[in-house]
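Trainee: Before I ask anything, here is the structure I am working with.
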Amino acid sequence: MSAQTTSTENKTGAKADRKVADAPTPAGPSRLQTDLAARILRLLSEQRAVPGHHLVEQDLCRQFGVSRTPVRGALKLLAEQGVVEARANRGFVLAQTVTAPPKPDAAAPQEEEDQRLAVAIAQARNSGRLAADCTQQEIMRMFDAKLPQVLRVLRHLAELRLVERKAGNGWSFLPSIDSARAQAESYAFRHVMEPALLTLPTFTLDREWLAMSRAKHQEFRDKPWRDVLAVEFYEMNSDFHEQLARCSGNRYMLSAVQQQIALRRFLNYQWEYGVERVLSSIDEHLAIMDALEAGQNEHAALLMRRHLDASALHTVMHPEEDERAA
């Protein structure tokens, strides 16, 4: 390929990226924004917040481990519903007491196709086929995908802090767990911290969340397994661990769990461990929930250690895979 041809392609790709960057945001809230709105309401309900309570964007970003964009979208959605209202120079404040937080809306028809593309991107990143810096044009060609879908998925990944738009042209994937050593260190860290947070004096079980999470786990267990469900499975799994960290009442433990969730996301989107491990993981989660509901927190901590040990045994990459995943 000549230098002139390469230059022409680069200019074409740059123009396309700039055109997409200037394109308007798709109408309607994203799936993540809708879910965040429900989670914000649940948080306000737990806090017994009263009208006039100030919602700080930065605090919500830290609380839920996402960027400012989806948080702002969620707050705007709640403002449209009259739950919060915007105040000049104050951001958003609670307009009415939250009594019964709603469940997230049903998934949009296009969500499964977007999840399929997210899984494919994760596989390409984990194997090194997709560079850390790339353009949406490259992603379109690699996965034979349409531009609106690619942009939609990239924006969703950006909201999850997996990728960010480069200043000039293209996208840059952020660091994630991509080696056997990093994965083993992650499990070692979690093995120490996550059981401990269940036994803190400040731990307060959110029983409403527990009931919803149990129902979600049981419903997912009955689904016929398909590779595309890896995204939904990981997000359900992440919510389980994140909400338990939130119940701990310790902001630093919550922040650490959220960081681990973000670092592990791409690796787990590429699920290669079989449906048996999916079912076992769900059963282990349910057993931990049962112990916590019965007030047996020490036993729940023991079950959490066994759960993390089993996950590490089945999912940590072999050292020889480090080169493949680099």
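Every read-out reported here was derived from the displayed coordinates using simple, explicitly stated rules and does not represent laboratory data. Note that the structure is predicted; figures quoted are calculated from it, not measured. Cβ atoms come from the backbone with ideal geometry, glycine included; neighbour counts cover every protein chain shown.
Trainee: Could you grab the Rg to Rh ratio for segment 208-305? Cα atoms only, Kirkwood for Rh.
Mentor: Ratio of gyration radius to Kirkwood radius for segment 208-305: 0.96.
Trainee: In addition: Starting from the Kirkwood Rh over alpha-carbon pairs, what translational D in µm² s⁻¹ does segment 135-214 have by Stokes-Einstein at 4 °C and 1.567 mPa s?
Mentor: 79 µm²/s
Trainee: Quick one: which residues, 5+ away or cross-chain, put their amide H under 5 Å from the amide H of Val163? H built at 1.01 Å from N.
Mentor: Ala158, Leu174
Trainee: Could you order peptides 196-204, 67-75, 147-155 by the average number of other Cβ atoms within 10 Å of their residues, highest first?
Mentor: 67-75, 147-155, 196-204
Trainee: With the Cα gyration tensor of segment 189-249 in hand, give its eigenvalues times 5 under a square root as the equivalent ellipsoid semi-axes, listed largest first in whole angstrom.
Mentor: Taking √(5λ) for each Cα gyration eigenvalue gives 25, 14, 8 Å.
Trainee: Now, a different point. How big is segment 28-82 by Rg and Dmax over its Cα atoms, in Å?
Mentor: 10.5, 29
Trainee: Would you work out which of Ala180, Leu198, Ala211 lies farthest towards the positive end of the dipole of segment 99-214, given +1 charges on the beta-carbon of Lys and Arg and -1 on that of Asp and Glu, about the Cα centre?
Mentor: Ala180
Trainee: Let me ask something else about it. For segment 233-289 and segment 30-51, what is the separation of their C-alpha centers, rounded to whole Å?
Mentor: Computed from Cα coordinates, the inter-centre distance equals 20 Å.
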